[in-house]
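Student: Submitted below is the structure of interest, expressed as structure tokens.
The values are calculated or read from the model by the stated rules, or taken from the named source; none is laboratory data. The shown structure was predicted, so the numbers you read here are calculated from the model rather than taken from an experiment. Virtual Cβ from ideal backbone geometry, glycine too; neighbours counted across all protein chains shown. What goes into the accessible areas is simple: the full protein's heavy atoms, side chains included, and nothing from ligands, DNA or RNA. Shrake-Rupley method; radii C 1.70, N 1.55, O 1.52, S 1.80 Å.
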Amino acid sequence: LRLVGTVLCTLFLAVNCLYSASDDVIELTPTNFHKEVIQSESLWLVEFYAPWCGHCQRLTPEWKKAATALKGVVKVGAVDADKHQSLGGQYGVRGFPTIKIFGANKNKAEDYQGGRTSDAIVDAALSALRSLVKDRLSGRGGGYSSGKQSGGGDKKDVIELTDDSFDKNVINSDDVWMVEFYAPWCGHCKNLEPEWAAAATEVKEQTKGKVKLAAVDATVNQMLAGRYGIRGFPTIKIFQKGEDPVDYDGGRTRSDIIARALDLFSDNAPPPELLEIINEDILKSTCDAHQLCIISVLPHILDTGASGRNSYLDVMLKMAEKYKKKMWGWLWTEAGAQSDLESSLGIGGFGYPAMAAVNARKMKFALLKGSFSEQGINEFLRELSVGRGSTAPVGGGAFPKIHSVEPWDGKDGELPVEDDIDLSDVDLDDWDKDEL
């Protein structure tokens, strides 16, 4: 009987629970994850596993050995993500085992991509710990307090809404609102709190306050909870002017929330301005503020007239609208007006209209090889969007001198007026015929 019991226990542990209380691996659940990991100032290595997963079962003895070796130095935990799917989903777990490192920034866990032996795991942990200590020493790190990053991301940018304040702030607002309905006792809400707070700060900065993150205590503000049919916590809804609220069903990490907020911002933002390069400030401010600046060199006004130029500008405006989510800068100049800039971008005084996409941080550019049309430019920009296309360094390694010019007045060009020459006093008969 003792032998049978031992065998049954072994089978039970192997199939149903890979870790026990006697191990140095800390079992993590939605109930204790926030307190143990997010609020901790320690470095954590966390394995997300499924008991039935063969790779997880083979990793178990190595994970235990690593936990014992790192005891008192680095925390080693494990989450049964098959049982606690919400916790696995919160951190984007798609397969087993998935190992994540929770370092100085608990809101941004890093994926562990190293070997699955105890030696490799320990080496990675000590390397991450060394980086964390160096960051603290240089003042870049600083640990956490109540699960919030000391360098920002506290709740100051999350707007607390109530039954009394909701309508006047949210309804008919020109801004986009992402509203979390929570309950103070809810474990998932506590897990979301630092992610929501950190996202609120970054979204506020990146959208200039045009997308707002808010929170409603649904246990206190029951009128709102009833109006919007809140049945579970946390529930996140998106409010946009003139539209019915919709549920947010994306991931619960800061990066997921920020990505959705920026999509909402882009969808509602006007297309970027198309600016003529009339001085150095316009070029530098536009290119410095954007990942890419798209620069077109259009034919001289005498070659196209106003209607021809406007047709080229219309193509650029359509492309700016199409790619507005990229938040690129859009500029144009007339052929010959900024000849040094043309030369630095390999345009070189011919082949107008021309287009270059410039990365001012790397001082590299790519040239449009196809036609200056919606189709040609779209293919060019699509290739850039996915990281393809050949690039070259900007000539001289920096933008050249930009000349200050008068902006285009929107009219057709005029040939310069030549001085009249009075030939009335010239007697052509006196000219030497040999000179004619």
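Student: Within region 177-205, how many residues are among the β-branched types (Val, Ile, Thr) and open to solvent by 10 Å² or more (accessible area, probe 1.4 Å)?
Tutor: Qualifying residue count for the region: 1.
Student: A follow-up question, please. Tally up the residues in region 384-396 that are open to solvent by 50 Å² or more (accessible area, probe 1.4 Å) and touching a residue at least 12 places away in the same chain (Cβ under 8 Å), please.
Tutor: Adding up the residues that qualify gives 5.
Student: Do we find a residue being within 30 Å of Pro400 (Cβ to Cβ) and of a type outside the set (D, E, K, R) anywhere in region 265-272?
Tutor: Yes, that holds for at least one residue.
Student: Of the residues Gly349, Gly336, Gly370, only one is at pLDDT below 90, assigned to a loop (DSSP other than H, G, I, E, B) and either out of contact with any Cys (no Cβ under 9 Å at 6 or more places or on another chain) or open to solvent by less than 30 Å² (accessible area, probe 1.4 Å) (or both); which?
Tutor: Gly349
Residue-by-condition table, conditions (1) β-branched (Val, Ile, Thr); (2) in a loop (DSSP other than H, G, I, E, B); (3) at pLDDT 90 or above:
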position	(1), (2), (3)
Asn191	no, no, yes
Ala199	no, no, yes
Phe233	no, yes, yes
Lys241	no, yes, yes
Gly250	no, yes, yes
Phe265	no, no, no
Pro270	no, yes, no
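Student: Here is a follow-up. Being closer than 22 Å to Lys322 by Cα and either of a type in the set (Gly, Ala, Ser) or open to solvent by less than 20 Å² (accessible area, probe 1.4 Å) (or both) is the filter here; which residues of region 230-266 pass it?
Tutor: Selection gives Ile258, Ala259, Ala261, Leu264, Ser266.
Student: I would also like to ask the following. Conditions: (1) acidic (Asp, Glu); (2) farther than 13 Å from Glu27 by Cα; (3) buried (at least 22 other Cβ atoms within 10 Å of the Cβ). Glu47 meets all but one. Number of the miss?
Tutor: Against the list (1) acidic (Asp, Glu); (2) farther than 13 Å from Glu27 by Cα; (3) buried (at least 22 other Cβ atoms within 10 Å of the Cβ), Glu47 comes up short only on (2).
Student: Return the pairs, sorted by first residue and then second, in which the second residue is part of a strand (DSSP E or B) and open to solvent by 10 Å² or more (accessible area, probe 1.4 Å), the first residue lies in region 175-193 and is within 28 Å of Ala269 (Cβ to Cβ), the beta carbons are less than 6 Å apart, and the residues are 6+ apart or on different chains.
Tutor: Asp175/Lys212; Trp177/Lys212; Trp177/Phe239; Val179/Lys237; Phe181/Thr235
Student: Could you list, in sequence order, all residues of region 88-123 that are more than 26 Å from His34 (Cβ to Cβ) and open to solvent by 40 Å² or more (accessible area, probe 1.4 Å)?
Tutor: Within region 88-123, Arg116, Thr117, Asp119, Asp123 meet the criteria.
Student: Could you list all residues from region 161-184 that are in a strand (DSSP E or B) and under 22 Å from Gly251 (Cα atoms)?
Tutor: Across region 161-184, the qualifying residues are Val176, Trp177, Met178, Val179, Glu180, Phe181, Tyr182.
Student: Next up: Would you be able to tell me the number of residues in region 373-398 that are assigned to a helix (DSSP H, G or I), hydroxyl-bearing (Ser, Thr, Tyr) and touching a strand residue (DSSP E or B) at 6+ places or on another chain (Cβ under 6 Å)?
Tutor: Qualifying residue count, region 373-398: 0.
Student: Within region 186-202, can you find the residues that are touching a strand residue (DSSP E or B) at 6+ places or on another chain (Cβ under 6 Å) and farther than 13 Å from Lys155 by Cα?
Tutor: Listed by number, the list holds a single entry, Cys189.
Student: For region 14-40, how many residues meet the condition of being part of a loop (DSSP other than H, G, I, E, B), over 24 Å from His55 (Cα atoms) and touching a residue at least 60 places away in the same chain (Cβ under 8 Å)?
Tutor: Of the residues in that region, 3 qualify.
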